[in-house]
Amino acid sequence: MKRVALFTTFYEVVSGYSLVAVAETQLRMLLDGGYEPVALVQENFSAPDDSLWRPEVIDLRPIIPFMHLSGGKIAEDFDERVDKIYDALKENLADVDVCITHDIILQSFYREHNMAMRKYAKERPDLLWLHWIHSCPSEGTDEYPNGCRHTSPPGYIAYPNSSDAPMVCRAYRLAGKEWKVVTTRSGHSIDPLAVSEYHGLTRDLAKKSDLIEGDVAVVYPARLDTGKQPEKIIRLMAGVKKMGYAPRLLIVDWQSMGERFQTYINKLNELAESLGVADEVNFSSRLNDECNNGVPRRVVLELMDLSNVYIHPSRIETYSLVAHEAMLKGNLVVLNFDLPVMREIYGDSAIYMDFGSDRVDRTYAPDEQMFWNDEAGRIIAELKHNRVLWAQTKARKEWSPRAQWSQFQPLLHLTPVGE
């Protein structure tokens, strides 16, 4: 497996600097992909004890010389400064196959680093360079040393959009070498589980249920009995899958460890299997033993951050605090039309389906599953015509590091090229 290094000028990682976020995402992607990444940082580097940036987690090398940098005036000892950085690169990239940089070839502050990189690259034609740049580059002189910011670098330039690619080619004088600019959004992917300090149980349940991969992702907290009618949500999930979309249902089965409840869960699992959604339907108590006696309210609310639809088919209800919470979390809420209290309290803030109730008996002709297949279409239509909900769904599912790994990993296998 290739040895991959990130060449940074970081001296801290807590300020919220966007380059830190991108670099950290790449490190996590590499770790998750089975790589052992190297991170070159400044020699005065510091990071929190609980951060990713620790030698126990990554091969952290604080070896980039500290120096006062200027984006304007060229330092009188410029060449000596370049040599110091070059020496550090030569010693610490000798065991590396791929080196990723961030804005090294773009920012005037990093001219010394840029020149040191180019000097070392001439000695290592086998080393693949991937240069991420995070701002629009401008054309300029090729006069030393500023020319390092306006001429073709060794390796490839990674850029997050194709609209600006011609401008990037002009800025780095890549006429005839336009292929050296690769467009990828992988560095800007965001892990939905990393944007908030989620409870460990939240993370565990989300991962084991594969909640993030759902086009329709539903969390249903309930003390399981037949009056809660979770089987109708399962049928809706089967309808979603039949339409070609990915359903995920996580039933948070509160205090359901008795034999009666477990028998009911077995029956629901059998229904899911018969409808072809056994892998898409999960129960919290069977994913993690910590859930046997219930799940903290905080965890339920956090799981709703990661879902997009809440379905409440309960036959009997006086208010439904959970539906209220789901609305606060921005979920599309589906309520029971056959409970007048639902329409009274929530009005047109939800959509309604004929789930039946203690006062309205429903029969579904000619076939119950056909009825719920049709109703699943309503959920998809509501989601896809709501820009906020569908954008959230795409960001959660398609723009995550896991989804973008297929874009990122092939870059590590490009053929090394010189300037």
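Answer yes if at least one residue in the stretch 23-45 is surrounded by fewer than 16 Cβ atoms within 10 Å (Cβ to Cβ), without any contact (Cβ under 8 Å) to a residue 12 or more places away in the chain, out of contact with any Leu (no Cβ under 6 Å at 6 or more places or on another chain) and in the same structural domain as Glu123 (by TED's automatic domain parsing), and no otherwise.
Scanning the stretch 23-45, I find no residue that is surrounded by fewer than 16 Cβ atoms within 10 Å (Cβ to Cβ), without any contact (Cβ under 8 Å) to a residue 12 or more places away in the chain, out of contact with any Leu (no Cβ under 6 Å at 6 or more places or on another chain) and in the same structural domain as Glu123 (by TED's automatic domain parsing), so the answer is no.
Quick check: anything in the stretch 77-89 under 27 Å from Tyr159 (Cβ atoms), in contact with a Lys or Arg (Cβ under 6 Å, 6 or more places away or on another chain) and either crowded, with 18+ Cβ neighbours inside 10 Å or in contact (Cβ under 8 Å) with a residue 40 or more places away in the chain (or both)?
Checked against the condition, which is being under 27 Å from Tyr159 (Cβ atoms), in contact with a Lys or Arg (Cβ under 6 Å, 6 or more places away or on another chain) and either crowded, with 18+ Cβ neighbours inside 10 Å or in contact (Cβ under 8 Å) with a residue 40 or more places away in the chain (or both), the stretch 77-89 yields at least one hit.
Being over 18 Å from His113 (Cβ atoms) and crowded, with 21+ Cβ neighbours inside 10 Å is the filter here; which residues of the stretch 1-12 pass it?
Val4
Return yes when Lys207 is surrounded by fewer than 19 Cβ atoms within 10 Å (Cβ to Cβ) and within 17 Å of the chain's Cα centre (by Cα) and no when it is not.
Criteria met by Lys207.
Name, by its number, the condition in (1) within 25 Å of Tyr35 (Cα to Cα); (2) outside any loop (DSSP other than H, G, I, E, B) that does not hold for Leu389.
All conditions are met except number (1).
What residue, of Trp390, Trp399, is without any contact (Cβ under 8 Å) to a residue 12 or more places away in the chain and closer than 30 Å to Ala158 by Cβ?
Step by step, each of Trp390, Trp399 is checked, and only Trp390 is without any contact (Cβ under 8 Å) to a residue 12 or more places away in the chain and closer than 30 Å to Ala158 by Cβ.
The values are calculated or read from the model by the stated rules, or taken from the named source; none is laboratory data. Predicted model, so just to flag it, every value in this text is computed and none were measured. Please note: Cβ atoms are built from the backbone with ideal geometry, for glycine as well, and neighbour counts cover all protein chains shown.
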